[in-house]
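Working notes, structure below.
The values are calculated or read from the model by the stated rules, or taken from the named source; none is laboratory data. Note that the structure is a prediction, hence the values are computed from the model and not measured. Note that we place each Cβ from the backbone using ideal geometry, even for glycine, and neighbour counts take in every protein chain shown. Calculation scope for accessible area: heavy atoms of the full protein, side chains included, ligands and nucleic acids excluded. Shrake-Rupley method; radii C 1.70, N 1.55, O 1.52, S 1.80 Å.
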Amino acid sequence: MPGTELDIRPVTHITTDAIGQPGKRVFYLQGWQDERTITLIVEKIQIQSLAVGYEQFLAELQEKFPDLPQAEANFDEEKMRIKPPVDPLFRVGEMGLGYEADNDMVILVAREQLPEGEDPESGSIVRFWCTRSQMRALCRWGMDVAARGRPICPQCGEPMDPAGHFCPKKNGHKH
Ligand SMILES: [Zn+2]
């Protein structure tokens with residue numbers, strides 16, 4: 001069965017957020033089109049790589065189109081919180097970036113993660129059409145959210161669970 005293809009063109013707003021206990025948070029990507037929301041499940045690492053990749057992407061655009069105004073990264077934290085209902089369409093396997101120069105729009109393409117061996121063509125795709133600034137705000141905010149997880153143990157550098165932390169450094173050595 002072929003998957004659905006969805007173009008949110010353009011998004012009124014796009015954001016990411018994490019819900020759940022530290023260490024067990026689930027990350028979401030959410031695009032708004034007026035009152036309608038499209039929500040997908042992502043991994044924290046996907047948001048982090050997107051943020052890194054997007055800065056590279058912007059640098060390349062700037063080289064190709066030197067007259068483009070700088071993309072803004074400002075965001076209003078209140079507005080970046082995910083909007084219920086959180087009813088994800090699918091879990092994202094791959095994300096890619098595209099650019100439409102005529103309208104100065106960035107396209108964030110999210111492909112559904114499929115079980116091993118399944119035809120990649122059968123997965124669903126969502127394309128979020130955003131401004132360069134909307135996308136940059138998403139990335140900056142996403143980096144913040146990703147960093148707001150569990151506190152890092154100063155002894156071993158591993159994240160500490162709220163329920164307790166078994167520190168390999170403390171078990172191994174007595175200081
Ligand atoms: Zn530790």
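Of note:
- Some residue of region 135-154 being outside any helix (DSSP H, G or I), at positive phi and away from the ligand (no atom under 16 Å from the Cβ): no
- Of all the criteria given as (1) more than 16 Å from the ligand (Cβ to nearest atom); (2) open to solvent by less than 70 Å² (accessible area, probe 1.4 Å), the one not satisfied by P159 is (1).
- Criterion violated by K24 - all others in (1) open to solvent by 60 Å² or more (accessible area, probe 1.4 Å); (2) modelled with pLDDT of 95 or more satisfied: (2)
- The selection criterion, being loosely packed, with under 15 Cβ neighbours inside 10 Å and part of a helix (DSSP H, G or I), holds for D102.
- For region 109-157, a tally of residues being under 15 Å from the mean Cα position of the chain (by Cα), farther than 19 Å from Q33 by Cβ and β-branched (V, I, T) returns 1.
- Note on region 86-99: residues that are open to solvent by less than 50 Å² (accessible area, probe 1.4 Å) and assigned to a loop (DSSP other than H, G, I, E, B) total 2.
- Residues that are surrounded by fewer than 13 Cβ atoms within 10 Å (Cβ to Cβ) and not in a loop (DSSP other than H, G, I, E, B), drawn from region 72-85: E77, E78, K79
- Selected residue (only one of I47, I14 is assigned to a helix (DSSP H, G or I), under 11 Å from the mean Cα position of the chain (by Cα) and within 19 Å of M80 (Cβ to Cβ)): I47
- Filter result for D119 (out of contact with any Cys (no Cβ under 9 Å at 6 or more places or on another chain) and within 11 Å of the ligand (Cβ to nearest atom)): no
- Being open to solvent by 30 Å² or more (accessible area, probe 1.4 Å), farther than 14 Å from T15 by Cα and assigned to a helix (DSSP H, G or I) is a property that does not hold for E116.
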